[in-house]
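Only one structure is covered here, and it is reproduced in the block below.
What follows draws every value from the coordinates through simple rules; no lab data is involved. None of the values given here were measured: they were computed from a predicted structure. Neighbour counts are summed over all protein chains in view; Cβ atoms, including those assigned to glycine, are modelled from backbone coordinates with ideal geometry.
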Amino acid sequence: MDAETITPVTTSTVQVPIDGLLESRTTPPSVRRGEAVKLGIDEAGRGPVLGAMTFGTCYWSIADDDAIEASQKEIDDSKQLTDEKRSKLFDRIAADERMGWAVEVVSAARISAEMLQVKPTSLNAISFDATCRLIQRVLDRGADVVEASVAAFVDTVGDPDSYSERLTRAFDGKIKFTVAKKADALYKCTGAASICAKVCRDLSIARWTYDEPGVDDLDFGSGYPSDPACVAWLARNVHGVFGYPNFCRFSWAPAKARLRDTDTQPDDLKAQFGAVVKVDFDAKDEDDAAANSMKITDWATVSKKKQTGPAKKKRKRAHFYRSLESLTELAEVC
Amino acid sequence: MFEATLNKASTLKKLIDAIKDLVTDGNIEVSETGMNLQAMDSSHVSLVSLVLHTDMFEHFRCDRAVTLGINLPNFAKILKCSGNDDSVTLKAQDDGENLSIVFESEGQERVSEFELKLMDIDAESLGIPDQEYNTTIKMSSSEFQRIVRDMTVLGDTCSIGCTKEGVKFSVHGDLGAGHITLRSNASVDKEDEAVEIQMEEPVELNFALRYLGFFTRATPLCGRVNISMSPDVPIVIAYHIGDKDAEGAGSLSYYLAPKIDEE
């Protein structure tokens, strides 16, 4: 593979997948040569109720470290940078052939599915898995990763020491992990990773196209539940049968609450939510319990009961449950 | 019209409580010989049959046979309003829309009246075959309840096998297996604890523990339970009501179809 002939992606040309992996087209030559590699990992979009969550990694040869430090001075925690600056830096990372990068996009649909299955996967577990997949991906490219610095939301992921221990164990102790809350500000490679993650998350939202026919409401603000624009989006786009478009994380409390407690909604929203219907599916264990069983009706003889005498005045079962009365006298209707 | 008084409201309460989780809606058929209810669970795997003869009641009058379509959980809620030693009187007009339920305390100082709305239930009536069972087991009902509970810890399906030596309950589940064997023993100190087995040939059948669990809600009704089995037909778990040996007064019987081998 000749790096010269491959044009690196830029913010404007990069195609962010709805779900899955996006990575640099080339592996840095120094990494390919088998030099010791350091990598950084960061995530973007943990909080929002809308859109994908992204995990980014950036890696390079430790031998290139000083040179990169000197030439990429501006790389910093992505949250400290403006959108414009971040895009520019992403272009520079992508163009710098000493640096390799990869981004794992976890779509809102996947988050919903993982977190709402019978045995739910927590967001932390999703995050841990994505982190491991990214590192494995870099290893698969032939990189000899010896150091990794991971930015972690310490308050949510838990104790950084035990998190780094788990990661160390996951890679048989071959990689030295550093997990720190502000790793993206402390380590250049984590800062670069955070830029990759954030740029991809922003692009995936900005260029979002709905699969659902008839849905084209892109006025959702930041996607954070605290953003009034996002709250208004949630109110506008709830569907009586399907709930929300795939763009929404159904497992997030604000989305769940809106689908569940229609009664607690203010009156002006009730019209919307009145259509959301709670469905109770038949208890699965009852089906299981009755599985492979003979039926009573195979043994006892069934006969429809004969109707004797005049028609009953009692309410039909369906009427009983809906509290309906049959009116026989027209006078009652008028 | 129909009118019946039962000395102990608590007996009726226990009866309905023992049925309401298995069957939601049922027709109680009232005739001059007494009251009975027959209903299948929603999966048609089990059948409950309640028979109350007139001699169970202090007072029983039924001019014409009536069918009372009852929502059993609701009936149970009303019966919960009875005092411990209250008597209960049930009343219904022919083709009436309500069942009237009156509780009276022992000294008749307190009288509470309730009405339960009836409904028209299209239930199939079942002809229960006159089955000969080759194995019958009589044992303590609380012991049976405990075995079912213990089996449920390990799995969903319980095999009940009976041989000359005794009756064996077995369960195999994801976390392991369990076996409980009771030896035939008619000469224990406490009459209620005796295990009496009458058997023509060994039999072993598999049953869903979920339903056996529902059946054991009848345990407070009677200290003894009668279990009857034959190959390839439903097991019968029967509780006598009132005097435990007098089969005449009334009974609550559950039928459960066996599981079929998957092979």
Exercise. Please arrange B:THR67, A:THR13 by counting, for each residue, the other beta carbons lying within 10 Å of its beta carbon, fewest first.
Key: A:THR13, B:THR67
Exercise. Specify whether the C-alpha gyration tensor of the stretch B:107-203 places it in the rounded, prolate or oblate class, a ≥ b ≥ c being the square roots of the eigenvalues: rounded for a/c under 1.5, otherwise prolate if a/b is larger than b/c and oblate if not.
Key: prolate
Quiz item: Nearest 0.05, what FRET efficiency do B:ASP94 and B:ASP261 give at R0 = 45 Å with Cβ-Cβ as r?
Solution: 0.35
Quiz prompt | For the protein assembly as shown: span of alpha carbons on each principal axis (Å, largest first) | solution = 102, 75, 46
Self-check item: Nearest 10 degrees, 0 to 90: helix B:141-154 Cα axis against chain B principal axis
Solution: 60 degrees
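Kindly put B:HIS44, B:HIS179 in sequence by how many other C-beta atoms sit within 10 Å of each C-beta, fewest to most.
Lowest count first: B:HIS179, B:HIS44.
Using the alpha carbons of the stretch B:2-117, what is the convex hull volume per residue in cubic angstrom, as a whole number?
Spread over its residues, the Cα hull of the stretch B:2-117 gives 92 Å³ apiece.
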Exercise. Using the number of other C-beta atoms within 10 angstrom as an exposure proxy, rank B:LEU37, B:LEU72 with the fewest first.
Key: B:LEU72, B:LEU37
Quiz item: From a point 7 Å beyond the Cα of A:LEU186 in the direction of its Cβ, which residues of the stretch A:38-65 have a backbone N at a distance under 16 Å?
Solution: A:39-43
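For Cα pairs less than 8 Å apart in space and 6+ apart in sequence, what is the mean separation divided by the residue count of the stretch A:95-183, i.e. the relative contact order in percent?
RCO, the stretch A:95-183: 25 percent.
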Self-check item: Average beta-carbon neighbours from other chains, 10 Å sphere, peptide B:206-216
Solution: 2
Quiz prompt | Theoretical ellipticity at 222 nm over chain B - DSSP helices of four or more residues, -39500 (n - 2.57) apiece, nearest 500 | solution = -4000 deg cm²/dmol
Exercise. Treat each spin label as a single point 7 Å out from the Cα along the C-beta direction, and report the A:ALA291 to B:ASN134 distance in nm.
Key: 3.0 nm
Exercise. Using a cut-off of under 18 Å, list every residue of the stretch A:19-33 whose amide N is near the label point 7 Å from the Cα of A:ASP144 along the Cα-to-beta-carbon line.
Key: A:27-33
